[in-house]
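Each remark here refers to the structure printed beneath this line.
The values are calculated or read from the model by the stated rules, or taken from the named source; none is laboratory data. What you see is a predicted model; the values in this text were computed from it and never measured. Heads up, the Cβs are rebuilt from the backbone with ideal geometry, glycines too, and the neighbour counts pull from every protein chain shown. In case anyone asks, the SASA skips ligands and DNA or RNA and just uses the protein heavy atoms, side chains included. Shrake-Rupley method; radii C 1.70, N 1.55, O 1.52, S 1.80 Å.
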Amino acid sequence: MPSVRVLVGTRKGAFILSSDSARKKWKVSEPLFAGWEVYHLKGSSVDPNRIYASQSSSWFGQVIQRSDDGGKTWHQPGTPADEQAKTPEGMPLGESNKFVYDTSPETGKPLTTHQHYDGTQKPWVFKRVWHLEPSLSDANMVFAGVEDAALFKSTDGGTTWQELAGLRDAQGSQWMPGAGGMCLHTVLLDPGNPKRIFIAISSAGAFRTDDGGQTWKPINKGLHSQYIPNPTAEIGHCVHRIAMHRKNANVLFMQKHWDVLRSDDGGDNWHEVSGNLPTDFGFAIDVHAHEPNTIYVVPIKSDSEHYVAEGKLRVFRSRTGGDTWEALTDGLPQENCYVNVLRDAMAVDSLDSCGIYFGTTGGQVYCSPDSGDHWLPIVRDLPAVMSVEVQTLP
């Protein structure tokens, strides 16, 4: 019988939630990497037992962890088994934790500075890994979206990392940090074309490569952002998340800093589909596993008040690919609730009755085993949830 494994990253560690296909009774693991920020965990679709995790600390730095047994045990892949993984002070060791921006002539000597808030140019400085995206065909290949914004790739299971430096040549000097930093937070791989990758950066916009990462182009036509000097500029939009259905990578959905949008041509053109949403500001967006035009968002009040409107936790669903939305509330608190759902904190499984999952900054993780019609809390009292990913296991 199939089962599900939910991978949850929080401000103070990670958790693995597991259940059978009914998704009613859940087992919650002990904290992993307790006390550390875990920005993201994601499992390989090639080998479900291979899971990658991004562990971060403002004091000790960035650590990449890998499990080869479904999360039972973990190790830093760049550290030999007979060596210590950390210094006596707790600083991480190993090649897996080194993210060095590429400035070599062989790769075109990419730009080394970007725009800052005050209009000056500042150098790229690595801070953390926001998102890990395992390859769809090779368990040893994984991509990392980092802050300051860049895309790295590993072909040896996270042991070493190399930057896909061509991305920063896509007008990188004009990229500028958003309120949460200049982070590359979304990586989408096209299942039908291994050379095509979509990424999103806060707050530079969305970009696409069609040649495996050598060259990139901005895909922000149709976006309108009233808070930047040129509201329709090619670069500079604060894209919060993009999502796609695995059977049609030409259809993309976007949650922007204000506006929900749709593209039917691989991001070349976008149009707004916010429709009757109570507010079109939010972070998370995802697509039903079997219905390409069924999408989910969690609107929050505003860019200055990061919590759900009216004290009601509501997931909104569109079965028409946008414009027409319905509130899903059965099982969710509808008064005195002031949580947020962050950009990587929503996911779907691929069971016949598609399950929808999301985590909140209040530490709750909710599941709907019936496409959003009814919700139940898997767990209520975790640290603030930063990411939710789901593995559907045979």
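Just the residues that are assigned to a loop (DSSP other than H, G, I, E, B) and open to solvent by 70 Å² or more (accessible area, probe 1.4 Å), please, taken from region 69-92. Outline the logic, then answer.
Just the residues of region 69-92 that are assigned to a loop (DSSP other than H, G, I, E, B), to begin with: 69-74, 76-85, 87-91.
Within region 69-92, LYS72, THR73, ALA81, ASP82, GLU83, GLN84, PRO88, GLU89, MET91 qualify.
When every residue of region 194-217 is checked against the conditions, none turns out to be of a type in the set (Asp, Glu) and either under 24 Å from THR279 (Cα atoms) or in a strand (DSSP E or B) (or both).
For region 267-302, the tally of residues that are without any contact (Cβ under 8 Å) to a residue 60 or more places away in the chain, part of a loop (DSSP other than H, G, I, E, B) and in contact with a Phe, Trp or Tyr (Cβ under 7 Å, 6 or more places away or on another chain) stands at 8. Given SER173, SER202, which one is at pLDDT below 95 and open to solvent by less than 30 Å² (accessible area, probe 1.4 Å)? Residue meeting the stated conditions: SER202.
Please indicate, with yes or no, whether at least one residue in region 21-28 is in contact with a strand residue (DSSP E or B) (Cβ under 6 Å, 6 or more places away or on another chain), without any contact (Cβ under 8 Å) to a residue 40 or more places away in the chain and not in a loop (DSSP other than H, G, I, E, B). Checked region 21-28: at least one residue is in contact with a strand residue (DSSP E or B) (Cβ under 6 Å, 6 or more places away or on another chain), without any contact (Cβ under 8 Å) to a residue 40 or more places away in the chain and not in a loop (DSSP other than H, G, I, E, B).
Taking residues in region 337-352 that are assigned to a strand (DSSP E or B), and partners anywhere that are small (Gly, Ala, Ser), the pairs with Cβ atoms closer than 7 Å and at least 6 places apart or on different chains are ASP344/SER387; MET346/ALA284; VAL348/ALA289; VAL348/GLY355.
When you check THR215 against the structure, is it surrounded by fewer than 20 Cβ atoms within 10 Å (Cβ to Cβ), of a type in the set (Val, Ile, Thr) and touching a residue at least 40 places away in the same chain (Cβ under 8 Å), yes or no? When the stated conditions are applied, THR215 passes them.
In summary, ASN193 fulfils each of the numbered conditions (1) in contact with a Pro (Cβ under 7 Å, 6 or more places away or on another chain); (2) open to solvent by 30 Å² or more (accessible area, probe 1.4 Å); (3) under 20 Å from SER45 (Cβ atoms) with the single exception of condition (1). Of the listed requirements (1) open to solvent by less than 10 Å² (accessible area, probe 1.4 Å); (2) under 19 Å from the mean Cα position of the chain (by Cα), SER350 misses just one: (1). Of the candidates ALA81, ALA85, the single residue that is of a type in the set (A, V, I, L, M, F, W, C) and in contact with a Leu (Cβ under 7 Å, 6 or more places away or on another chain) is ALA85. Would region 304-311 turn up any residue that is open to solvent by 60 Å² or more (accessible area, probe 1.4 Å) and of a type in the set (Gly, Ala, Ser)? For region 304-311, residues open to solvent by 60 Å² or more (accessible area, probe 1.4 Å) and of a type in the set (Gly, Ala, Ser): present. A single entry from SER154, SER104 fulfils the requirement of being in contact with a Phe, Trp or Tyr (Cβ under 9 Å, 6 or more places away or on another chain) and hydroxyl-bearing (Ser, Thr, Tyr): SER154. Name every residue in region 1-34 that is more than 17 Å from SER67 (Cβ to Cβ) and among the charged types (D, E, K, R), in order of residue number. Of everything in region 1-34, those that are more than 17 Å from SER67 (Cβ to Cβ) and among the charged types (D, E, K, R) turn out to be ARG11, LYS12, ASP20, ARG23, LYS24, LYS25. Checking GLN391, GLN364, GLN334 one by one, the residue that is without any contact (Cβ under 8 Å) to a residue 40 or more places away in the chain, among the polar types (S, T, N, Q), within 21 Å of VAL28 (Cα to Cα) and out of contact with any His (no Cβ under 9 Å at 6 or more places or on another chain) is GLN364 and no other. Of the residues ALA165, ALA179, ALA139, ALA149, the single one that is under 15 Å from the mean Cα position of the chain (by Cα) and either open to solvent by 50 Å² or more (accessible area, probe 1.4 Å) or within 21 Å of ASN97 (Cα to Cα) (or both) is ALA149. Contact list please: Cβ distance under 6 Å, first residue in region 101-127 and more than 24 Å from SER58 (Cα to Cα) and of a type in the set (S, T, N, Q), second residue assigned to a helix (DSSP H, G or I) and modelled with pLDDT of 85 or more, pairs at least six apart or on different chains. Listed pairs, sorted by first residue: THR107/ALA165.
If you go through region 226-278 one residue at a time, how many are open to solvent by 60 Å² or more (accessible area, probe 1.4 Å) and hydroxyl-bearing (Ser, Thr, Tyr)? Full working, then the answer.
Taking region 226-278 first, the residues open to solvent by 60 Å² or more (accessible area, probe 1.4 Å) are 226-227, 229-230, 232, 234, 246-248, 250, 258, 264, 269, 271-272, 276, 278.
Pick out the ones that are also hydroxyl-bearing (Ser, Thr, Tyr) and you get 227, 232.
Within region 226-278, residues that are open to solvent by 60 Å² or more (accessible area, probe 1.4 Å) and hydroxyl-bearing (Ser, Thr, Tyr) number 2.
The numbered conditions (1) aliphatic (A, V, I, L, M); (2) buried (at least 16 other Cβ atoms within 10 Å of the Cβ); (3) free of Cβ contacts under 8 Å to residues at least 60 places away in the same chain are all true for MET1 except (2).
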